[in-house]
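Structure, as structure tokens:
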Amino acid sequence: MIELINVIKSYRGAPRNAVDDVSLEIETGTTVALIGPSGCGKTTTMRMINRLQTPTSGQILVNGKDVNTVDPQTLRRSIGYVIQQVGLFPHMTIAQNVATVLRLLKHDAVKIKERVSELLQMVGLDPDEMGPRLPQALSGGQRQRVGFARALAGDPDVMLMDEPFGAIDPITRTKVQSEFKEILKKTNKTVVMVTHDLDEALKMADRVAIMQDGKLMQYDTPIDILARPNSSFVADFLGADRALKQLGLITVQSVMSAPQISNDPVVGPLANLQFALSEILATNAYGLVVRDNDGPVLGYLDRATLLSSVASAAHLGSESIHIKGKK
Amino acid sequence: MELFEAFHWAIDHPVMFWTALYQHMMMCLVSLGVGAASAIPLGFLVAHSRRASFVAINIAGAFRSIPSLAILAAAVPFLGIGFWPSVLALFVLAVPPILLNTVVGVAEVDSTITDAATGMGMSRVQMALRIELPLALGPIISGVKIATIQVIGGAALASFVGGGGLGDFISAGIALMDMPRLLVGAVPIAIMAIAAEIGFSQLERHVSHAPVKLAGEE
């Protein structure tokens, strides 16, 4: 668990605080996305957690311990760190890059080798083929995978990720996002991620923290933030299509009704309502049959339910139907 | 023809020739060794501060602008004649290029790389040894190459303070208007300088890594 308590960061000569009295609690095993326009203080907030920046006042606790009482190098070795430009060491092989923290922690060579193979496999790279290569021989997406594996090496409880998908092309990005998210959930990491991409934040995070001018404007689950923006700034930031974005966060199975006999098109239970709506718009069907591939019919989703789902989600609160509510 | 005569002279006087060559090389090696051993660590020390780099590079540059002959003359009262004043004058020649290249090489290491290294918990020393030194090695070797070439040529002046070396043949050649004798000093110096240029350039190419393209494309 990470707690930020009244954290302020000010720079001499700056007209306002870079980070202005931010308090935030991040539960163990969850992902929080810090998002906001450039200069809102999101990166500074993240960098104070592993002491790359020092708060002017306030406290930051990681698992109950004030980070400013821990030796910065020890602290950083226990926290995974991923940056947009990846920052792979160009003179070291992929395997050596991934082994960096393990070597700093003085693990023995045999163990390091095993762990590196395991990590490369985890991020979808062949250790025998990729391990001996230099970073320059890799594509942008592959490099980011290596950067991620390198951050996971010491099995840290906490991961900090600064625009981790910013340098990857859009098609690869979606794939890498899903894979990283799955790994982070499976390994139960507590993640703080900085992004300026709203869709990325909604997709990756259990909670989203929207910042402006150093202040924390709203901190909530994606679905709650979309349903109930607490200020016109947040509403504007989410965009006019925020109801559509909400559809993307609700699964078909969470709102479907009992099965009924129908020839309507089929949709999977884990598909989101945005996809379902698109199917209905494309086929002009009355509703959709919910079924897993060739499995038994699980339920039925009619137009009316779909169209009212956003409003009722806002009414009910999110946890019961929120995608991320169930792992 | 004079080259032949020079060659014969060297063969006829092997002890004189080899002694001079040995003295010349020792002066170069000692001054370069001490120069590199002080300029490279100093470069690492100041590279992260723009102001400290500026001060260090300019002080070294100021000493460099004093003519070597003047340094030789000024050093004689303190260090006597012979080997050591020569080494001092050569040391002053060797430091600036090595220092400058070290500072530039270290400062040019991509800041995202050092940020990643710091973020993963490397100490200053670990960062210098594992990241900055290997990545700055190309420019540093290039600095040593420039210093070596200047020192090999500069060592000819040692003859003026009794330091010996191949400069003795050049001085004698000029004094006696003996071209072959002059060449006995000049040709080996030229060959050594060219060899240093080629050797260090090879080494530099060998250690330099192509810069990594960081913008991502699948």
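The values are calculated or read from the model by the stated rules, or taken from the named source; none is laboratory data. Quantities reported herein were computed from a predicted structural model and do not represent experimental measurements. As a convention, Cβ positions derive from the backbone with ideal geometry for all residues, glycine included, and neighbour counts pool all protein chains shown.
Against the definition (surrounded by 21 or more Cβ atoms within 10 Å (Cβ to Cβ), within 14 Å of chain A (Cβ to nearest Cβ) and out of contact with any Gly (no Cβ under 6 Å at 6 or more places or on another chain)), how does B:GLY105 come out, yes or no? Against the criterion (surrounded by 21 or more Cβ atoms within 10 Å (Cβ to Cβ), within 14 Å of chain A (Cβ to nearest Cβ) and out of contact with any Gly (no Cβ under 6 Å at 6 or more places or on another chain)), B:GLY105 qualifies.
Residues in the range B:100-110: is at least one more than 25 Å from B:GLY164 (Cβ to Cβ) and touching an Asp or Glu at 6+ places or on another chain (Cβ under 7 Å)?
First, the residues of the range B:100-110 that are more than 25 Å from B:GLY164 (Cβ to Cβ): B:100-110.
Pick out the ones that are also touching an Asp or Glu at 6+ places or on another chain (Cβ under 7 Å) and you get B:106, B:109.
So far as the range B:100-110 goes, yes, one or more of its residues are more than 25 Å from B:GLY164 (Cβ to Cβ) and touching an Asp or Glu at 6+ places or on another chain (Cβ under 7 Å).
When the residues of the range A:75-101 are filtered to those that are more than 7 Å from chain B (Cβ to nearest Cβ), free of Cβ contacts under 8 Å to residues at least 60 places away in the same chain and under 25 Å from the mean Cα position of the chain (by Cα), the one that is nearest to B:ALA136 (Cα to Cα) is A:ASN97.
The criterion of at least 2 residues that are in contact with a Ser or Thr (Cβ under 9 Å, 6 or more places away or on another chain) and not assigned by TED's automatic domain parsing to the domain that holds A:GLY80 is met by the following strands (runs of 3 or more DSSP E) wholly inside the range A:187-298: A:287-291. Identify all residues within the range B:43-56 that are closer than 21 Å to B:GLY33 by Cβ and either within 17 Å of the chain's Cα centre (by Cα) or basic (Lys, Arg) (or both); write none if there are none. Within the range B:43-56, B:GLY43 is the sole residue that qualifies. For the range A:117-160, a residue qualifies if it is at the interface with another protein chain (Cβ under 10 Å from one of its Cβ atoms) and polar (S, T, N, Q), and the qualifying residues are A:GLN136, A:SER139, A:GLN142, A:GLN144. Can you tell me which residue in the range B:7-63 is surrounded by the most Cβ atoms within 10 Å (Cβ to Cβ), limited to those that are among the aromatic types (Phe, Trp, Tyr) and in contact (Cβ under 8 Å) with a residue 24 or more places away in the chain? The residue in question is B:PHE44. Scanning the range B:110-154 for residues being free of Cβ contacts under 8 Å to residues at least 60 places away in the same chain and closer than 22 Å to A:ARG51 by Cα gives a total of 18.
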